[in-house]
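What follows is a short report on a single structure.
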Amino acid sequence: MSETCLPPPITHPRRLWEQLKAQGFAVLDAASVSALAGVDLGQLHALDVDWATLPADRYLKDGGRYRRRRHACFVVDGARVERSPHRAHWQPLDYNALHGGMQRWFEPIDPESTARPAWAQLLAWLGAVACGLRGVETSDLQSQGARPRPWFAEAHQFRIDTTDGIGRPTPEGAHRDGVDLVAVFLVAREGVKGGETRVFDAHGPAGQRFTLTEAWSLLLLDDQRVIHESTPIQPLKDGGYRDTLVITLRAGGFQQEPPVLDAGQMID
């Protein structure tokens with residue numbers, strides 16, 4: 001059994017900035033990711049093994065058993081990438097109506113994985129993409145003797161499987177993440193149908209739908225302009241799954257739960 005998928009609208013690497021700024025998203029094939037990030041495809045595929053041992057997501061409110069994940073945080077400051085102390089993943093209800101408003105302490109990504117050169121190179125490149133998206137090219141900053149802003153990055157390793165017959169990559173539905181840039185890498189797709197990506201203008205009816213199928217292809221999203229979701233997956237054979245690496249970058253700090261104030265207390 002096979003399925004017919006709508007192919008993604010692949011962006012030529014030289015048109016990346018143009019596409020992101022014109023429509024709020026862009027899709028790169030694996031070869032372009034490798035070239036732009038300066039990471040050999042072999043280095044990327046060396047990370048694949050990590051997805052086979054992800055622990056179960058204990059926070060799914062729909063009672064599902066289909067999602068496994070790990071999480072880690074970083075500060076990206078130009079070419080310097082530093083891993084931050086492990087923290088809860090938190091989103092406001094405005095961005096995640098299903099799982100927002102709660103501290104989710106996912107198991108950390110293996111330090112051996114994030115110590116590999118591919119991690120730092122990918123994150124530093126995404127930091128440069130975020131700078132360009134917000135109107136500041138890295139080359140311009142260097143020529144002016146200025147430093148790029150630091151970006152607060154969260155990385156999520158996901159495996160969505162079909163153990164119970166259906167898996168939901170985005171159980172919260174179409175959403176924004178409350179960040180500046182979202183990067184969704186398709187790591188692997190095995191024995192499933194569905195998992196269609198849908199991207200919509202956050203302020204209008206325009207949208208596109210397509211399916212990522214190539215390992216280490218990438219969807220980049222301007223989170224302030226578009227909302228996104230992925231449709232459920234179903235098995236084409238036993239043991240089907242869809243693996244992704246989702247990295248978000250945000251200016252100003254990590255999203256965190258606002259402090260609880262006593263009566264009469266004010267925030268300066």
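The values are calculated or read from the model by the stated rules, or taken from the named source; none is laboratory data. Computed from a prediction, not measured in an experiment: that's the story for all the values here. As a convention, Cβ positions derive from the backbone with ideal geometry for all residues, glycine included, and neighbour counts pool all protein chains shown.
Has segment 233-241 got at least one residue that is on the phi < 0 side of the Ramachandran plot, of a type in the set (A, V, I, L, M), touching a residue at least 60 places away in the same chain (Cβ under 8 Å) and outside any strand (DSSP E or B)? I'd like the intermediate steps shown before the answer.
Initially, segment 233-241 is screened for residues on the phi < 0 side of the Ramachandran plot, giving 233-238, 240-241.
Okay, now just the ones that are also of a type in the set (A, V, I, L, M), so 233, 236.
Add one more test, that the residue is touching a residue at least 60 places away in the same chain (Cβ under 8 Å), and what stays is 233, 236.
Imposing the further condition that a residue be outside any strand (DSSP E or B) reduces the set to 236.
Yes: segment 233-241 contains one or more residues that are on the phi < 0 side of the Ramachandran plot, of a type in the set (A, V, I, L, M), touching a residue at least 60 places away in the same chain (Cβ under 8 Å) and outside any strand (DSSP E or B).
On the stretch given as segment 66-96, residues that are in contact with a strand residue (DSSP E or B) (Cβ under 8 Å, 6 or more places away or on another chain) and within 17 Å of H175 (Cβ to Cβ) total 6.
Checked against (1) buried (at least 20 other Cβ atoms within 10 Å of the Cβ); (2) assigned to a helix (DSSP H, G or I); (3) not aliphatic (A, V, I, L, M), E18 passes all but a single condition, namely (1). Taking the criterion of being crowded, with 19+ Cβ neighbours inside 10 Å, more than 22 Å from T114 (Cα to Cα) and either modelled with pLDDT of 95 or more or charged (D, E, K, R) (or both), the only residue of segment 139-161 that qualifies is D161.
For segment 210-225, a tally of residues being among the acidic types (D, E) and either within 17 Å of H12 (Cα to Cα) or without any contact (Cβ under 8 Å) to a residue 40 or more places away in the chain (or both) returns 1.
For segment 180-215, the set of residues classified as over 13 Å from G24 (Cα atoms), at pLDDT 95 or above and part of a loop (DSSP other than H, G, I, E, B) consists of G191, G195, E196, T211, L212, T213, E214, A215, listed by residue number. Note on segment 204-223: residues that are within 23 Å of K21 (Cα to Cα) and out of contact with any Gly (no Cβ under 8 Å at 6 or more places or on another chain) total 12. Of everything listed in (1) in contact with a Ser or Thr (Cβ under 7 Å, 6 or more places away or on another chain); (2) under 25 Å from V179 (Cα atoms); (3) surrounded by fewer than 20 Cβ atoms within 10 Å (Cβ to Cβ); (4) among the hydrophobic types (A, V, I, L, M, F, W, C), the single unmet condition for L41 is (2). Looking across segment 216-228, the residues that are touching an Asp or Glu at 6+ places or on another chain (Cβ under 8 Å) and either under 20 Å from G64 (Cβ atoms) or not in a strand (DSSP E or B) (or both) come down to D223, Q224, R225. Taking the listed residues G63, G101, the one that is among the small types (G, A, S), closer than 15 Å to P169 by Cα and at pLDDT below 95 is G63, with no other qualifying.
Each row is one residue, and each column tells you yes or no for (1) farther than 30 Å from K237 by Cα; (2) out of contact with any His (no Cβ under 6 Å at 6 or more places or on another chain).
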position	(1), (2)
V49	no, yes
R67	no, yes
V75	yes, yes
R83	yes, yes
H89	yes, no
R104	yes, no
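Which one is surrounded by the most Cβ atoms within 10 Å (Cβ to Cβ), of the residues in segment 162-179 that are part of a loop (DSSP other than H, G, I, E, B) and small (G, A, S)? Spell out the reasoning first.
If we filter segment 162-179 for residues that are part of a loop (DSSP other than H, G, I, E, B), which is where we start, we get 162-166, 168-174, 176-179.
Retained after the next criterion (residues that are small (G, A, S)): 165, 173-174, 178.
On the way: G165: 9, G173: 11, A174: 15, G178: 17.
Applying the filter and picking the extreme gives G178.
The set of residues from segment 60-87 being outside any strand (DSSP E or B) and either touching a helix residue (DSSP H, G or I) at 6+ places or on another chain (Cβ under 8 Å) or surrounded by 15 or more Cβ atoms within 10 Å (Cβ to Cβ) (or both) comprises L60, G64, Y66, G78, A79, R87.
Being small (G, A, S), at pLDDT below 95 and more than 17 Å from the chain's Cα centre (by Cα), is that true of even one residue in segment 16-25? Outline the logic, then answer.
Initial filter on segment 16-25 (small (G, A, S)): 22, 24.
With the extra rule that they be at pLDDT below 95, the set shrinks to 22.
Filter again for more than 17 Å from the chain's Cα centre (by Cα), leaving 22.
Yes, segment 16-25 has at least one match.
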